[in-house]
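Report on one structure; see the data block that follows.
Readers should treat all values here as calculations from the given coordinates under stated rules, not as data from a laboratory. Everything quoted here is computed from the prediction, not taken from an experiment. Every residue, glycine among them, receives a Cβ derived from its backbone with ideal geometry; neighbour counts consider all protein chains shown.
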Amino acid sequence: MNTKLFFQALSKFLLGAVIIGLLIFLPGGSLHYWQGWLLMGILFVPMFIAGLVMMVKNPELLQKRLNAKEQEKEQKTVVALSGLLFVAAFIVAGLNWRFQWLVLPNWVVWVAAALFLVCYGLYAEVLRENTYLSRTIEVQEHQKVIDTGLYGVVRHPMYMATTILFLMMPLVLASLFSFLIMLLYLPLIAKRIRNEEAILEQGLEGYSEYKQRVKYKVLPFIW
């Protein structure tokens with residue numbers, strides 16, 4: 001086992017858990033915000049398990065996923081704005097629960113949690129299918145076009161899974177206001193995809209032909 005990679009991954013995992021916990025529970029004003037604990041559980045338990053699996057089976061992929069430093073100026077802007085959306089959504093969700101503005105019913109919370117876990121499964125499947133996946137937009141050495149499995153249905157199954165994951169988070173937190181904030185993520189991810197596809201068409205052999213074969217970017221028959 002790569003000890004340095006293990007501690008790098010563990011430190012980022014713990015830092016992420018602490019930051020999100022603070023963003024949820026400090027505005028909420030209480031640790032009795034059970035929807036917050038539910039989100040923490042369904043977000044970080046599968047993340048921890050996935051990290052261990054990648055550490056053992058594919059440490060190179062784990063290293064790529066830990067690299068979040070974008071080189072493209074346009075993508076740096078997208079990432080920064082996305083981060084602001086997440087911060088705002090978590091804070092508003094906590095305040096919504098604290099002051100009981102408009103707390104969504106429990107059945108909405110549980111349905112959203114179930115969809116969240118299903119999409120986590122899709123996320124894991126995409127990681128299994130495509131070992132070139134990094135968190136930054138780049139064309140890697142010896143990279144090939146992946147067109148099997150979910151990549152035969154939509155061109156960006158990772159964005160399909162993560163977009164639904166992100167939209168389910170505020171619903172798990174029982175906050176309609178946070179959900180409305182997260183809808184602003186859609187134009188940001190659309191901008192990211194446009195830039196990514198332009199880079200892939202220029203640097204990845206066969207990608208233009210792949211776009212002709214697979215028409216939909218994120219959602220079959222919709223987008």
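Values as computed for the structure displayed
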{"read-out": "13 Å beta-carbon shell around SER208, net charge (K/R +1, D/E -1)", "value": "-2"}
{"read-out": "Cα-Cα P(r), the range 3-213, percent of pairs per 10 Å interval", "value": "8, 30, 36, 20, 5, 0"}
{"read-out": "Local net charge near TYR185, Cβ-Cβ under 14 Å (Lys/Arg +1, Asp/Glu -1)", "value": "+2"}
{"read-out": "Cα shape, the range 171-219, gyration tensor, a/c 1.5 rule", "value": "prolate"}
{"read-out": "Zone residues, the range 38-67, relative to LYS12, backbone N less than 17 Å from point 7 Å out along Cα-to-Cβ", "value": "44-67"}
{"read-out": "5 angstrom amide H check on VAL214, placed H, neighbours 5+ away", "value": "none"}
{"read-out": "Stretch gain in nm, segment LEU183-TRP34, where the contour uses 0.36 nm per residue and the Cα spacing is subtracted", "value": "51.3 nm"}
{"read-out": "Cleavage-rule hits (trypsin sites (Lys or Arg not before Pro)) in the range 163-214: DSSP loop, at most 11 neighbouring Cβ within 10 angstrom", "value": "none"}
{"read-out": "Point-to-point label distance, LYS191-LYS215, nm (Cα→Cβ direction, 7 Å offset)", "value": "2.9 nm"}
{"read-out": "Residues whose placed amide H lies under 5 Å from that of SER175, excluding near-sequence neighbours", "value": "LEU104"}
{"read-out": "Cα-based helix-to-principal-axis angle, 185-203 vs the chain, degrees rounded to 10", "value": "20 degrees"}
